[in-house]
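Contents: one structure, followed by commentary.
Just so it is clear, none of the values below were taken in a lab; they were calculated from the coordinates. Computed from a prediction, not measured in an experiment: that's the story for all the values here. Methodologically, a virtual Cβ is constructed for each residue, glycine included, from the backbone with ideal geometry; neighbour enumeration extends over all protein chains shown.
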Amino acid sequence: MKLFFRLSLFYMAISVAVIVLARHVDFKLIEDAGIATLAFASVMTNAGIWVFSAIAVLSLIKGRRYLIANLGLLTYAVLGSVFFHTAYSFLKSTIPFIVPFYADPKLAAFDRWLHGGTDPWVLTHLWAQFLPVEKLFPAYLSIWSLSAAGLLVIIALADSNQQRIARYLILFFACWVLLGNLMAVAVSSVGPVYYDALLGGNRFAALTAALSEPPFFGSAISKTQGYLWKGYSGSGMALGSGISAFPSVHLAVATTTALYMAERSRWLILPGVLFVAVILYLSVYTGYHYAIDGYFSILVIVGFWVLVMRVQKTTEHWGRDGFRAQARVSMVNS
C-alpha cells in the first residue's frame with residue numbers, strides 16, 4: 001500500500017500538469033471547483049459511510065489488535081485513495097479540453113447495429129416492467145462507490161496474500177488510468193443521456209422523455225446527471241464532475257470487485273456476477289452509457305486479470321525452479 005500511496009501522489013502531480021496545460025486555470029475556476037465539490041459532498045459522505053461501516057465490520061471480525069497492527073496500511077490505502085480519486089475527478093472534467101467530444105454518433109450507430117437495430121436503452125426500459133428498478137438505484141451510487149473508493153481499503157485490512165494485492169493494484173490502475181483516462185480521451189464521448197444536448201436533434205428524445213418520468217425522475221442518479229451537465233456547460237471542475245461514456249469505469253470497477261469476490265470465496269461468485277449485471281443494466285437504463293461501453297470494459301478487465309494471473313504463475317514457477325536448481329548445486333558442492 002506504500003507503493004499505491006506513492007503512485008497516487010505521482011498520478012496527482014501528472015494530473016495537475018495535464019490540467020494546467022490543457023485549460024486556463026485561474027482563481028475563479030478553483031473557487032467554483034471548491035463550491036461545487038462541497039455541493040457534491042453528500043454523495044461522497046454516503047460512500048464514506050459504507051467504507052467506514054466495512055472497516056468497522058472487519059475490525060469486529062479480525063479483532064481490534066489486528067486493526068491496530070494494520071493501521072499503517074489502512075492509512076496509506078485511505079490517503080492514497082483520496083488523492084487518487086480527487087485527481088481523477090478533476091482530470092476527467094478536462095477530457096473535452098484535450099479531445100473535444102466526437103465519438104458519440106459512431107458509438108450510438110454501432111450500439112444499435114449490435115443489438116439488432118434497437119437501442120439497448122429501449123430494451124432496459126421494457127425489462128423495467130418486470131424489475132424493481134427503483135430499488136436497484138442505490139447500487140449505482142452508494143454500493144458502487146464503496147467498491148470504487150473502498151476496495152483497496154478492504155484489501156489492505158483483510159488480505160495478506162501479496163500476489164493478490166499486487167494483482168488488484170494493477171487492475172485498479174487499469175480501471176482508472178488505462179480505461180478512465182487514456183481510452184476515455186481517445187474515444188471522447190458523452191453517452192446517450194447527453195447526446196442531443198451536445199449535438200442537437202432528437203436522436204435520443206425518447207430516452208429523455210422516459211427519464212423525465214418516475215421512478216427515475218427526481219432520483220439521486222437523475223440529480224447527479226443534472227449536476228454533471230451543469231459542470232460541463234459551465235466548463236467547471238469539481239469533485240465527482242466530468243462526463244465520459246466510453247469506456248465504462250463503472251463496469252470496470254464492478255468487474256474488478258466481482259473478480260476479487262470470486263477469488264476470496266466461491267460463495268461470493270454469484271453476488272459478484274449479479275453486481276456486474278445490475279451495474280451494466282443501470283448504466284444503459286439511465287442513459288449514462290452505450291451498452292458497448294460496458295462490454296468493452298468487462299472484456300478488458302477480465303483479459304488483464306487472466307494475463308496478470310498467468311504472469312504471476314509463470315514468475316512463481318520459474319522462481320521455484322530456480323530455487324530448486326540452486327539448492328541442488330549447493331548440495332553437490334557441499
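Order 75-83, 284-292 from most to least packed using the mean count of other Cβ atoms within 10 Å.
Ranking the peptides 75-83, 284-292 by packing returns 284-292, 75-83.
Run the simple label-point estimate for Leu182 and Ala158 please: 7 Å along Cα→C-beta, distance reported in nm.
Distance between the two pseudo-spin positions: 3.0 nm.
What's the FRET efficiency of Ala197 with Leu270 using the Cβ-Cβ distance as r and R₀ = 45 Å, to the nearest 0.05?
Efficiency computed from Cβ-Cβ geometry: 0.70.
Full-extension gain between Leu123 and Ser233, please, as 0.36 nm times their residue separation minus the C-alpha to C-alpha distance.
So the extension gain works out to 36.6 nm.
Mind scanning Lys2/Lys223; Lys135/Lys313; Lys92/Lys135; Lys106/Lys223; Lys135/Lys230; Lys2/Lys313 and naming the pairs with a C-alpha gap bigger than 32 Å?
Listed pairs above 32 Å: Lys2/Lys223; Lys135/Lys313.
Pop the C-beta distance of Val16 and Glu134 into the FRET formula with R0 = 25 Å and round what comes out to the nearest 0.05.
Details: r = 40 Å, r/R0 = 1.59.
About 0.05, to the nearest 0.05.
Tell me the chymotrypsin sites (Phe, Trp or Tyr not before Pro) within segment 106-200 that lie in a loop according to DSSP and have at most 16 other beta-carbon atoms within 10 Å.
Loop-located and lightly packed - none at all.
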